[in-house]
Amino acid sequence: MSAAGAGFSAAYAYAFHAYLDDETETSLRAAYELGRQAVAHELGLLDLAHAHHEALLAELADSPEGDPRRITRAAADFLLEAIAAFEMIRLGFAEALEAVAFERRQAAMLRQLSTLLADASLAVHGHSSIEEVLQLVVEHAYELTHAAWCLAWAASGPGGPSPTVAHTGSAPPALPDLAREAYVAVEAGTESTDIVYVETRYAPAGVVAVPLTALDGQAMGVLAVEPEAERPFTELDKALLVHIAQMTAAALERATPYRRQRPRGSQR
């Protein structure tokens, strides 16, 4: 047994003995603290069970004239209190570690996307390359926001090729029409980074969209997602979507001199 395990067993035996002498909530509090200590010392449930078993055997051996049923009943209460604390703290600690790991992964993906967009924007020479940039964007946005699907729509400059659409996930049919609806909605926004909720027949759950905005405030396109029905779209998801849209707009603006081109159907 490790030094930590041996020390824990000794503390457990002492606290259990004290509880047998005074079976009150105050004495039972020691079991809760022991459960916390087990997690802090990186002990497992088997270590906790071993300490309890040894303490119980010692009490039964030292009290031959005592009531074994009272001792074992008290031991059960003591163990349950320790296990309850152990599981609660362990699960909370595991969730915290998982949250930290998830945030680090998101940050790493954003850094990777920023680097890829910087490299891609320098290499853009035509419509196909713009599509590759947008495809890169939607794949990252789709994964980071856990959306049902994601699309990016970039308008073209005067005399340029047709607008470019990229998407990933279970996107609905009539994607170009949906993209234009989202573009018209964000173009009508009051601020360059407005999150817009678009009601459309193409996505019953609605669409969350943010503009791809040039430095002069002109909308060059739109980045849109449909949130998963089972998962609420959080403030963090919104912030991530805005951040990705800003990086995408900067990459597109570096790549080519965009001008705003209103899609058909825009009344503005």
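Every number here is computed from the coordinates shown, using simple stated rules; none is lab data. Please read these numbers as outputs of a predicted model, since none were measured by experiment. A quick note on method: Cβ atoms are made from the backbone with ideal geometry, for glycine too, and the neighbour counts reach across all protein chains shown.
Taking Lys and Arg as +1 and Asp and Glu as -1, the other residues whose beta-carbon sits under 11 Å from that of E23 total -2.
Here the Karplus curve 6.51 cos²θ - 1.76 cosθ + 1.60, taken at θ = phi - 60°, turns the phi angles of the stretch 34-49 into couplings of 5, x, 5, 5, 4, 5, 4, 8, 6, 8, x, 5, 5, 5, 5, 5 Hz, with x standing for Gly and Pro. The dipole here belongs to the stretch 3-96: it is taken about the Cα centre, uses +1 on the Cβ of Lys and Arg and -1 on the Cβ of Asp and Glu, and is about 180 debye.
S170 to R73: FRET efficiency via 1/(1 + (r/R0)^6), r the Cβ-Cβ distance, R0 41 Å, to the nearest 0.05?
Taking R0 as 41 Å, the efficiency between S170 and R73 is 0.15.
Less than 5 angstrom separates the built amide H of G206 from those of T200, all sequence-distant by 5 or more or on a different chain. Give me the net charge of G206's neighbourhood, meaning all other residues with Cβ under 13 Å from the Cβ of G206; Lys, Arg count +1, Asp, Glu -1. Summing Lys and Arg as +1 and Asp and Glu as -1 gives -3. Taking Cβ atoms as reference points and 11 Å as the exclusive limit, the residues near A13 contribute a net charge of -3, counting Lys and Arg as +1 and Asp and Glu as -1.
Full extension of the chain between A6 and L45 yields a length gain of 12.6 nm, computed as 0.36 nm times the residue separation minus the alpha carbon distance.
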